[in-house]
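Report on one structure; see the data block that follows.
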Amino acid sequence: MRAETLAIHAGYEPEETTKAVAVPIYQTVAYTFDSADHGAALFNLEADGYRYSRIANPTVDVLEKRLAALEGGVAAIALASGQAALHYAMSNVADCGGNIVSVPQLYGTTHTLFTHILSKQGITVRFAASDQASDIEALIDSETRAVFCESIGNPAGNICDIEALAESAHRHGVPLIVDNTVATPILLQPIAHGADIVIHSLTKFLGGHGTTMGGAIIDSGRFPWKDNAKRFPQFNEPDASYHGMVYADRFGPRAYIERCRSVYQRNTGAILPAMSAFMLMQGIETVALRMERHVDNALKVAQYLESDPRVAWVNHAGLPSSPYHELARKYLNGRASSLFTFGVVGGVETGKQFYDALNLITRLVNIGDAKSLACHPASTTHRQMSAENQARAGVKPEMIRLSIGIEHIDDIIADLDQALTAAAGQHRLPIAAE
Ligand code: PLP
């Protein structure tokens, strides 16, 4: 089935007792055992079923199956936030030590996690000079545990050549992990292009309404952990924390996700609540429709801004002026993201005046809401980074990041126009969508 259908149906058949059409919210901590033996079998992972909601919950389970279906994976785990998903994904692949090789264009908190948190856990992150596969490959060595990129960088808007990155990673026996938050599986499915693990912040376009935090890791099931036992002992040697289980033997293609659940979710507990899973699934039902409008609106806004003399530059992959225009055609079928950046003539000060003058478009740090949103990354999301690291991440001092929503295009453009007039002190004529 296609994504539009999977987003509504995958992972759920009306459940047997009530035949409820909507996915029920299982607001329960624990599940009864038929007997001592049944409890033991569940704990031994020999029987299917639930025991405690820090490990699995039936509502969350539907979301996990739905996400796995949408991304073309074999299994998924849903977690408390995108950052929790990133932390678990990196720890799960590299908790025996070693390094992760990453593109430099990352969401600010991911950069902070990589630089300041993982390093304290004995995992080094090596940032490549660019998102080019040759720059990434130059940093991979025998201690590398994964290559990491955002399919569409937030806020840089770069589009990674996933096939080239996957080839480089696989040549050296390491998996490619892709944060697909900005693209969503509606615009791009990294697994179809060779990625091994996909990460999402569900908080953004997938949930889509700015109401609910969540994250997920989706496993393609294709990475051969067993053939790389020296690099990945955690999947191939008995786990003392789970009575000697060998994940690659016990779970085969699901080894990565099941270890993530049994080791990380079970012991450190960054669970997604059932109510959140329900809320996120309401959003996911309409994600394909919303993405169409997001993409259409954003291209119109980008064209409008690029033709406005009060605007200095626009970075949107749907414009032929973008260095990522060709990759947008290849990977996104030309449907560039509604997350993009621009700068006004007059630099930082005029940019601030423009930002303060916005009425409809909300000033905040979030993306992927049905509402149009604006943020100034240098002073907020990427504030913890040095000026040099900001530049490598694609963050300019005057840069405004827009996440264009699904309101009527004329209203969005009218708000941008009045804010530009307030900041630049001059009208643009004619005031109309291109
Ligand atoms: N990945 C990307 C690309 C993001 O943009 C964000 C948040 O903006 C995250 C991960 C973190 O997600 P969350 O806020 O759900 O922790």
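The values are calculated or read from the model by the stated rules, or taken from the named source; none is laboratory data. Only a predicted model underlies this, so the values are computations on that prediction, with no experimental measurement involved. Note that each Cβ is placed from the backbone with ideal geometry, even for glycine, and that neighbours are counted across all protein chains shown. The protein model used for the area step is the full one, side chains on, heavy atoms only, and it has no ligands, DNA or RNA in it. Shrake-Rupley method; radii C 1.70, N 1.55, O 1.52, S 1.80 Å.
For this structure, a couple of remarks:
- Subset of segment 32-44 (residues that are assigned to a loop (DSSP other than H, G, I, E, B) and crowded, with 16+ Cβ neighbours inside 10 Å): Phe33
- Residue ranges of strands (runs of 3 or more DSSP E) in segment 333-433 with at least 3 members closer than 22 Å to Thr184 by Cα and of a type outside the set (Phe, Trp, Tyr): 373-375, 400-403
- Residues that are of a type in the set (Lys, Arg) and modelled with pLDDT of 95 or more number at least 3 in the following helices (runs of 4 or more DSSP H) confined to segment 258-332: 287-306.
- Any hit, segment 198-206, residues being assigned by TED's automatic domain parsing to the domain that holds Ser102, within 26 Å of Ser372 (Cα to Cα), crowded, with 19+ Cβ neighbours inside 10 Å and among the basic types (Lys, Arg): yes
- Hey, Phe251 crowded, with 24+ Cβ neighbours inside 10 Å, more than 16 Å from the ligand (Cβ to nearest atom) and either assigned to a helix (DSSP H, G or I) or in the same structural domain as Arg335 (by TED's automatic domain parsing) (or both) or not: no
- Among residues of segment 97-114 being part of a loop (DSSP other than H, G, I, E, B) and under 16 Å from the mean Cα position of the chain (by Cα), the one that is surrounded by the most Cβ atoms within 10 Å (Cβ to Cβ) is Leu106.
- Check on Met291, open to solvent by 10 Å² or more (accessible area, probe 1.4 Å) and of a type in the set (A, V, I, L, M, F, W, C): no
- Meets criteria (over 16 Å from the mean Cα position of the chain (by Cα), open to solvent by 50 Å² or more (accessible area, probe 1.4 Å) and in the same structural domain as Glu237 (by TED's automatic domain parsing)) for Tyr50: yes
- Residue count for segment 385-420, restricted to those that are among the polar types (S, T, N, Q) and either assigned by TED's automatic domain parsing to the domain that holds Phe114 or touching a His at 6+ places or on another chain (Cβ under 8 Å) (or both): 2
- So His87, is it more than 16 Å from the ligand (Cβ to nearest atom), in a helix (DSSP H, G or I) and either modelled with pLDDT of 95 or more or not charged (D, E, K, R) (or both): no
- Matching option when the condition is surrounded by 17 or more Cβ atoms within 10 Å (Cβ to Cβ), away from the ligand (no atom under 15 Å from the Cβ) and of a type outside the set (Phe, Trp, Tyr), among Ile77, Ile123: Ile123
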